[in-house]
Amino acid sequence: MKVALDGDPPSLDAHMTNSLTSVSITRYMYEGLVEFDSSFKPQPQLAESVEHNEDNTEWTFKLRQGVKFQNGKEMTSADAADSLNIVVSMSTW
């Protein structure tokens, strides 16, 4: 496959950049717990299901079973938590 990009990505770590080029590339490299559908409603991707409380302060993701990384290791809740904690630690909220 050949693709044309508008520039070189500054990083392939999706957590470390807001570069549109990086986002365009990494979108096809990494999967999230959910993906937004055409109506911008979250749909499970690596999660099997998603639940939240009434005020949206607690979310529960049930992970799909049998999802493996490129090294053959099965994804665990610790892996998902690590990724989410990276994003939270970088937040400026």
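If you scan segment 19-34, which residues turn out to be over 13 Å from the mean Cα position of the chain (by Cα) and loosely packed, with under 15 Cβ neighbours inside 10 Å?
Matches in segment 19-34: L20, S24.
Which of the strands (runs of 3 or more DSSP E) found entirely inside the chain contain at least 1 residues meeting this: in contact with an Asp or Glu (Cβ under 6 Å, 6 or more places away or on another chain) and not basic (K, R)? First the steps, then the outcome.
Details: elements: 34-36, 42-44, 47-52, 59-63.
Counting at least 1 such residues, we get 42-44, 59-63.
Readers should treat all values here as calculations from the given coordinates under stated rules, not as data from a laboratory. Just so you know, these numbers come straight off a predicted model, no measurement behind them. A quick note on method: Cβ atoms are made from the backbone with ideal geometry, for glycine too, and the neighbour counts reach across all protein chains shown.
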